[in-house]
1. Starting from the Cα of Asp182, step 7 Å along the direction of its Cβ; do the same at Glu168; then give the gap between the two resulting points in nm.
2. I need the peptides 124-136, 58-70 ranked by packing, meaning the mean over residues of other C-beta atoms within 10 angstrom, with the highest value on top.
3. Report the Rg/Rh value for the stretch 95-140, based on alpha-carbon coordinates and the Kirkwood definition of Rh.
4. Just name one of Phe189, Ser117, Phe72: the one whose Cα is farthest towards the positive end of the charge dipole of the chain (beta-carbon charges, Lys/Arg +1, Asp/Glu -1).
5. First obtain the Kirkwood hydrodynamic radius of the stretch 101-189 from its Cα pairs, then insert it into the Stokes-Einstein equation at 20 °C and 1.002 mPa s, and state the resulting D in µm² per second as a whole number.
6. Within a Cβ distance under 12 Å of Pro172, other residues only, what is the Lys/Arg minus Asp/Glu net charge?
7. On C-alpha positions alone, give me the angle between the axis of helix 12-21 and the longest principal axis of the chain, in degrees, nearest 10.
8. Within the set Lys9/Lys61; Lys9/Lys134; Lys2/Lys103; Lys79/Lys185; Lys9/Lys122; Lys63/Lys159, which residue pairs have Cα atoms separated by over 30 Å?
Amino acid sequence: MKVMETAEKYIYTGYAALGDENRDIRYELIDGVIYFMSPGASQAHQTTSRELFLQLAIYLKGKPCEVFHPPFDVCLNAKGDEDSSTVQPDIIVVCDKSKLDGKRCNGAPDLIIEILSPSNKKYDLFIKFRAYLKAGVREYWVVDPDEKTVQTYILKGGKYMADAYSEESAVPVHVLPGLEIDMQKVFQF
């Protein structure tokens, strides 16, 4: 993960302008700092993302929550154009439709899923972890397709409570009671 070295702190409008200048490069913004996203994703990453999205989309059909995948901006601090933390998680679920303005999510989604790649492990496990906790993301998953594991973090009392699951697991989605994600299908590649 590469950081844009600058003394200037960015907000959403500056972040969005970067994307307008070069559509081939993806960026994220955390606490005013621009991070360059890795180009492309592995086949395992894509297969994992597709199956997770599919299981969530099927469950949510006809329900009030919605599932999204990139490119879709999430302004974590609900400040819209003035937000200093804007990310594009691999998968998000939003149940409060007032956070959706037709082009992005303004505020913490109910669920964020990040799928690890060798180039983004530290970024997802540390920098994004802290940003999601600070923003109040109720449930955060880190999925590792290489190790075929899932680490879940449930927000309780201002802290994340962690659980770990393997490829044989059915992982409960706490923000969507009754849904369990079949990890054998997710990691079937």
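1. My value for the distance between the label points is 1.7 nm.
2. 124-136, 58-70
3. My calculation puts Rg/Rh at 1.03.
4. Result: Phe72.
5. For the chosen part, D equals 156 µm²/s.
6. Details: positive: none; negative: Glu139, Asp163, Glu180, Asp182.
Its environment carries a net charge of -4.
7. Its long axis makes an angle of about 90 degrees.
8. Beyond 30 Å: Lys9/Lys61; Lys79/Lys185.
A short reminder: the numbers here are calculations on the coordinates, not readings from a lab. In this text, all values refer to a predicted model and were calculated from it rather than measured experimentally. Cβ sites come from the backbone with ideal geometry, for glycine too, and all protein chains shown count toward neighbours.
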